[in-house]
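The values are calculated or read from the model by the stated rules, or taken from the named source; none is laboratory data. Keep in mind it's a predicted model, so treat the numbers as computed, not measured. Every residue, glycine as well, gets a Cβ built from its backbone with ideal geometry; the counts of neighbours run over all protein chains shown. Please note that ligands, DNA and RNA were not included when accessible areas were found on the heavy atoms of the full protein model with its side chains. Shrake-Rupley method; radii C 1.70, N 1.55, O 1.52, S 1.80 Å.
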Amino acid sequence: MIKAITGTKDILPDQIARWHYLEMIVSYIMECFNYKEIRTPVFEETSLFARGIGEATDIVSKEMYTFIDRSETSVTLKPEMTASVVRALNEHSLDKKQGLNKLYYISPMFRQERPQAGRYRQFHQFGAEAIGSDNPALDAEMIVIAYDILKSLGLNDLTVKINSLGVPVSRENYKNILREYLTPHLKNLSEDSQKRFETNILRIFDSKAENDQKIMEDAPLLIEHLDDNSLENFEKVKQILLHAQIPFEIDPKLVRGLDYYTHTTFEILSGSVGSQSALCGGGRYDGLSEQLGGTAIPGVGFAAGIERILLACENEKSLDLPTESIDLYLVRLDKELQNAAYNLSLILRRNDLVVELDYLQRSVKAQMREANKFNAKYVLFIGGEEYERNEVVLKNMSDGEQQNINLEDLSTIISKIIGE
Ligand code: ATP
Ligand code: MG
């Protein structure tokens, strides 16, 4: 038997209610903040992500699903959404139609990483992008939206970490200071971090290697070298979060290494999902649009991992979804009534009832078992003497009460059940 590819996962029907619920909460909260949904293609030209995420990142340097298609074009399955959203915005001149574009998405993403709990090769993210303004109120809004969604899913064990990366000029100065600090430690850094020293020095703060972390403990911090305007922006973000009653920590080591990242960066972590604990991450990217060859438009966004969030929900038992049920199961007493039963079910289904009946020629007993399995609120019996009198029998499964109903009065049944 062929199996699903390593790192991909089937979402089976017994899990789907949780997905639908999460998607409903996401759309609902996004729409309350007046974000509009955007859907972009699953694959794009490779250069979009190479430029839009950055050659020096883990994603671009080792995680992308890239292949040459039959017309010799290098295409990549999307590993994240921001680059695609900014591309779409420029391509359709959305910025000319609307000063500020507030967009959200729910979409599969693809990264060829080592699969483990909370880390897959096809996974799903929801997220938002607000493009067209450098107002720090929007930086804060991203954190508020993400936090509100997680809280609405009943999650409690959350930590919000924020930092400011300032603007490229002050960051360049700071990088020199960091380079100076690290130079004497260079040979003690891990191989990866030695590479980062050349390509993306800020990312050394991200290193999981114990010795790297020890060296970075005493490193000078970017936040101590920000310009006044950046500090002021950061202050505004903090004020809004305080006002919104969102508990947060400042983590000066939370960095993103690319030049087009500016000002706010943040992460929301969960204490209940083990080592892959980041549920969501985001920040401001004022230089990205230009980097992609578009007009210079400031933007801010975040992305959240749905699998990890649902895992957190499971571990915190935070979702109390109603047990699934159907309105009515139609039990056919005589085999000959197959067609009649089907026709009846059609009328009921077209009147908005969730109806099931037997397709496998099963016995009455087996049909009743099915009705119970589906948690049917009502069973409708068709057949026997009653049917000869043009009647069917409706049984309320919660109290066992039965009543005969003339087929002419079927609409009464319908309104009775729907009316509940
Ligand atoms: P990590 O440090 O865990 O690799 P990241 O920095 O690569 O995360 P982002 O690119 O910021 O993650 O993506 C946002 C969110 O998407 C993450 O916080 C996480 O919840 C989720 N995510 C990222 N990669 C994966 C993956 N391979 N499988 C499942 N979820 C993922
Ligand atoms: Mg990653």
| Matching entry among 202, 222 (being crowded, with 17+ Cβ neighbours inside 10 Å, within 26 Å of residue 59 (Cβ to Cβ), in contact with a strand residue (DSSP E or B) (Cβ under 9 Å, 6 or more places away or on another chain) and outside the structural domain of residue 280 (by TED's automatic domain parsing)) | 222
| remark: Note on the stretch 349-365: residues surrounded by 13 or more Cβ atoms within 10 Å (Cβ to Cβ) and over 36 Å from the mean Cα position of the chain (by Cα) are 358, 362, 364
| said: For the condition within 16 Å of ligand 2 (Cβ to nearest atom), modelled with pLDDT of 95 or more, surrounded by 11 or more Cβ atoms within 10 Å (Cβ to Cβ) and in the same structural domain as residue 259 (by TED's automatic domain parsing), what is the one hit in 82, 40, 57? | reply: 82
| Are there any pairs, at least 6 apart or on different chains, whose C-beta atoms fall under 7 Å, with the first in the stretch 373-386 and assigned by TED's automatic domain parsing to the domain that holds residue 332 and the second buried (at least 16 other Cβ atoms within 10 Å of the Cβ) and of a type in the set (Phe, Trp, Tyr), and if so, which? | 374/329; 376/329; 379/329
| query | Can we say residue 215 is β-branched (Val, Ile, Thr), out of contact with any Gly (no Cβ under 6 Å at 6 or more places or on another chain) and within 22 Å of residue 267 (Cα to Cα)? | reply | no
| query | Just one of 117, 128 is open to solvent by 20 Å² or more (accessible area, probe 1.4 Å), away from ligand 2 (no atom under 14 Å from the Cβ) and touching a residue at least 40 places away in the same chain (Cβ under 8 Å); which is it? | reply | 117
| task | Kindly establish whether residue 208 is within 33 Å of the chain's Cα centre (by Cα) and not in a helix (DSSP H, G or I). | result | yes
| request: For the stretch 366-389, name all the residues that are in a strand (DSSP E or B), open to solvent by less than 30 Å² (accessible area, probe 1.4 Å) and within 10 Å of residue 329 (Cβ to Cβ). | output: 376, 378, 379, 380
| request: Note down all Cβ pairs under 8 Å where the first residue falls in the stretch 66-92 and is on the phi < 0 side of the Ramachandran plot and assigned to a helix (DSSP H, G or I), the second is open to solvent by 30 Å² or more (accessible area, probe 1.4 Å) and at pLDDT 95 or above, and they're at least six residues apart or on different chains. | output: 84/41; 88/94; 89/95
| query | For the stretch 146-160, does any single residue satisfy the condition of being crowded, with 23+ Cβ neighbours inside 10 Å and touching a His at 6+ places or on another chain (Cβ under 6 Å)? | reply | no
| query | Which residues, counting only those in the stretch 99-114, are among the polar types (S, T, N, Q) and within 16 Å of ligand 2 (Cβ to nearest atom)? | reply | 112
| said: Quick test for you: out of 405, 414, pick the one residue that is modelled with pLDDT under 95, out of contact with any Lys or Arg (no Cβ under 7 Å at 6 or more places or on another chain) and either of a type in the set (Phe, Trp, Tyr) or part of a strand (DSSP E or B) (or both). | reply: 405
